[in-house]
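Input: a single structure, listed below in structure tokens.
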Amino acid sequence: MKRSGAWKTPLAAALMSLGVALSGCGAPATAAPHVALFQTTPARPVRVASYTPLPGDTSVFTYTPLPTTTPTATPTASATPSPDAIQQTNTAIATYRPPTQPSPTLPPPSSTPAPPTSTPTPPDPPLVFYSDRRGQEDIFLLLPDGAVRALTGAASNEREPACSPDGQTLVYASDTSGRFQIVAQRLDSGAPIALTDSEGMNFAPVFSPDGGTIAFVSTRGGGVPAIWLMNADGSRQRRLTSGWGRATSPAWGPDGRQVIYAGEVATEQAEHWRLMLTIVQGEGEDLGEFPILPPEISLGHEVWPVFDPAGVRIAFSAWGDLTDPQTADLYLLDFEQPGPVPLRAGDGAAIAWSWLDAARLLISVGGPGDVRLAALDVASGALVPLTSGGSFNGGARPCPVNPAILPPEPPPPPTVTPSPSPTPSPTPGPETAVPRVRGRPH
């Protein structure tokens, strides 16, 4: 893999194009994409403080004794000026002195020093994910104490969950109607409400940082997947991407304007899914779609990209074979580095879903029939298992829900038949579907 830094050139050109587009449409100067690599800090003049000592005190204090009014001798002070600066301003030394106070008695030192104070680390938030541990795919919640409880219990398949930033609403893709549609579910009641009911399929929903917009994938209008937007209540559904053909697995930047996703790009050899970037305008239109990496950096099918909380790093999975999640490796793109670096590569699945915090990723790892969730420290590579059970656990995201508001856990359906619905191919035609491959974008 090349590490020359050449990948930055096309992305820089793309962002310059965005700047021209923004200036042409009257967008404010602050609408530039939040990419740390291309932000420079203007030079500021450095002021060096100079120290000027106070002028020396050249005055000479002359002590003049009080005149003698009676033959009785008057006490006089020493001719040597008092070192007390206040007394030097008087013509006589006061005869009153405050009584001497006894020195306070200090307690003996403790034999056991007090432990240093430290700020306690807040617990991790609950996590939503989907799993086939009950036969069909259901949505589950992993609580901070390690307990797992179901959030859905229908006989259909539910996958790819995401929680609203206020922890009140859950969205996911469900095939209850026979094809995947986006469903919203109030976490305090468990009541589901369909947000989409279009032709084709709708899946991979994710809330914007302010919770007002949902990005998702839809195959309506000919069976070609594209990134769409809608309001959190399902209104104003509109297409975002168009220029680069098929698109899937969207994710928001922390500024609420950048959207990264996987887009299919045709090359001389074949068609590959590449990391793409677009900027959302106020009315839901984009300012163009741009590849993040240059063509010479080819790692496979690059899918499921996710920004870190600061918007300066992107984790993503690169699949060698889109029909086999065991070929998925995990990479990190840091805009301060010359190119992507592998986080986990080799045998076994490694799929990134979201960031738990600025230091850890929520990922799926494991061999065939045993893919589990884990937290990966991107600096040290330390892996902490989070779940067990089922052949596949994926789609993990933080969910700031208060567990006290949750209704009783829904039971599994009376008859659990592990007959999963087909998952559409990443490049579906109007009638094309292939056997389900868990973890792969539709």
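The values are calculated or read from the model by the stated rules, or taken from the named source; none is laboratory data. Fair warning: this is a prediction, and the values are worked out from it, not measured in the lab. We place every Cβ from the backbone using ideal geometry, glycine too, and count neighbours over all the protein chains shown. Calculation scope for accessible area: heavy atoms of the full protein, side chains included, ligands and nucleic acids excluded. Shrake-Rupley method; radii C 1.70, N 1.55, O 1.52, S 1.80 Å.
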Going 7 Å from the Cα of E271 in the Cα-to-Cβ direction, what parts of the range 217-255 have a backbone nitrogen less than 11 Å from that spot?
-> 224-225, 245-247
In the neighborhood of P410, defined by Cβ-to-Cβ distances under 13 Å, what is the net charge if each Lys or Arg adds +1 and each Asp or Glu adds -1?
-> -1
Report Rg(Cα)/(2.2 N^0.38 Å) for the range 133-189, keeping two decimals.
-> 1.13
T152 long-range amide H proximity, modeled H, under 5 Å = I139
Extension gain (nm, one decimal) between V341 and D145, 0.36 nm per residue minus Cα-Cα | 67.3 nm
Plugging the Cβ-Cβ distance of S198 and A154 into 1/(1 + (r/R0)^6) at R0 = 22 Å yields, to the nearest 0.05, a FRET efficiency of 0.60
Among residues other than P398 whose Cβ falls under 10 Å from its Cβ, what is the net charge (Lys/Arg +1, Asp/Glu -1)?
-> -1
Pull up all non-local amide H partners of M201: gap of 5 or more, or a different chain, and H-to-H distance under 5 Å with H placed in the peptide plane.
-> T219, R220
Per residue, how much accessible area does the range 197-242 show when a 1.4 Å probe rolls over the protein heavy atoms, in square angstrom?
-> 34
Over the range 292-406, calculate the relative contact order: mean separation of alpha carbon pairs under 8 Å at least 6 apart, over the residue count, as a percent.
-> 17
